[in-house]
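Worksheet: one structure, shown below.
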Amino acid sequence: MGVSGLHASGMLKEQIHIFLTRPGTAFEMSALEKIEEQLARLRIAKRSVLREEPAYLLDIDVSRSAPSESSRCVAVSCSNQSIRLYNRETLNFLREYSSRPGMLNGVRFAHTCDSLVFSACSDGTIKCWDIRLAAQKAVQIFSGYPSNVFISFDINCNDLIICAGTEKVEKDTFLVFWDARGNTDCAGTTREPLGVYSESHNDDVTKICFHPVKPSWVVSGSTDGLVNVFDIDKDNEDDALISTCNSDSSISFIGWSGKGYEQIYCMTHDEGFCWWDLAQLDTEEPITLLRIQDARDTVCIENDSLNYLVGGAYHEKADRLFLIGGTSTGKIHLLSCGADGLSLVGTLGGGHSATIRSFCWNLADESLLTGGEDAQLLLWRPGAVEKSLAKKETLKIASSVQKRVRVHNSSLKSKKK
């Protein structure tokens, strides 16, 4: 075929593509297909420089309200009991906060003030730092009760309420609440709790997650296998409890999904997955959308495997819940969640060299931040090209954080209230 023939062939392909994707045709790509195509094109854009003291990267959050992308920050909760800050675009290290000998668990930026970052501490406090200040001292401290050891927390969507979950001490397990408003000009200001819930869980509260748009709704997960939804505007704990769902296993991750965020889902420490629809609470329809005892046995990946689940994120435009899983060698599997089960969207390789422990998905530009047991923080973007493609060696790090796995065969059933 001559040059003119090749050109004609290329033009024909382009015309066919335009026709097939033209609005109104049977082959027009749906919003879901477009999103899945973008996710499958994720490539490494940036890689953080390893610190002198490498650590597992256990949780990631990104400041939301910064005026420009270049000024946004990434906060990472690490296994060396510290919070590390990075520039969102360059992944350059900025500073580190510590609460030794207390151990920090989780990290969250305020929703409306991008300079405030929070973390739960094993010393029975929630600490808040102002990243505009050079000082390492927390500007606010939210104190719990003497026996409290906080292992989970979240701040609600209007930054008015903080809720933290405790380890079980003797027979007591608490959800503790604070008024998050306060004066940050006086460093070290201490706030006392507004109150507690103490009757709804009987083991460690491993996860807390406020509703994305309803400030008074919060979901909690525990090693007792229960996932509880509360409306904290109610006068007492009994009235506040909207629903109790039972996963039958220790909770490792919880989140909200669906239009209006009327669905909740959870993952368990033995790689189970449950998904419930709260909109069906007052109907005769079942609230369980999907229950998978072990995702490792149900997801088919050609020439590869799924070793664990990390978490999930709901994509509003595509109206689809996506999950992140991976392998012990650092591959990342992106999974689409539907009523018929989990399906593979794409696999990201060449980045991490060990288990993935944390992520933060920016669904506005489809970028993804991931952190792992190899101490690396990676930024993935659709179609990106990493400048340095040097192979990273696997790091063997002795972590002070050990994930406890407890499978529960409780007789409690998912219930409607």
Revision key, fill the gap. With all protein chains in place and a 1.4 Å probe, Phe93 shows an accessible area in Å² (nearest 10) of 70
Point to revise | Accessible heavy-atom area order of Trp129, Trp275, highest first, probe of 1.4 Å | key: Trp275, Trp129
Check your understanding: Ignoring ligands, DNA and RNA, what percent of the accessible area of region 31-382 is carbon or sulfur (1.4 Å)?
Key -> 46
Practice item. Could you list the trypsin sites (Lys or Arg not before Pro) in region 110-205 that lie in coil according to DSSP, counting only those with at most 13 other Cβ atoms within 10 Å of their Cβ? Key: Arg132, Lys137, Lys171, Arg181
Check your understanding: In Å², what does the accessible area per residue of region 31-382 work out to with a 1.4 Å probe?
Key -> 39
Check your understanding: Counting only the heavy atoms of the protein chains, how much of Leu58 is accessible to a 1.4 Å probe, in Å² to the nearest 10?
Key -> 40
Exercise for review: Provide the net charge surrounding Tyr86, with neighbours chosen by a C-beta distance below 12 Å and charges set as Lys +1, Arg +1, Asp -1, Glu -1.
Suggested key: +4
Revision key, fill the gap. Inter-part gap, Cα centre of region 331-373 to Cα centre of region 126-174, in whole angstrom, is 28
Exercise for review: Could you work out the local net charge near Tyr97, counting Lys and Arg as +1, Asp and Glu as -1, over the other residues with Cβ closer than 10 Å to its Cβ?
Suggested key: +3
Study note, to complete from the structure: Plugging the Cβ-Cβ distance of Arg51 and Thr189 into 1/(1 + (r/R0)^6) at R0 = 35 Å yields, to the nearest 0.05, a FRET efficiency of 0.70
Study note, to complete from the structure: The extension gain from Glu199 to Glu284, computed as 0.36 nm times the residue separation minus the Cα-Cα distance, is 27.8 nm
**Study point:** With all protein chains modelled, accessible area of Tyr86 [1.4 Å, Å²]
**Key:** 10
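The values are calculated or read from the model by the stated rules, or taken from the named source; none is laboratory data. What you see is a predicted model, and the numbers here were worked out from it, not measured in a lab. Methodologically, a virtual Cβ is constructed for each residue, glycine included, from the backbone with ideal geometry; neighbour enumeration extends over all protein chains shown. Note: accessible area is taken over every heavy atom of the protein model, side chains too, but ligands, DNA and RNA are not part of it. Shrake-Rupley method; radii C 1.70, N 1.55, O 1.52, S 1.80 Å.
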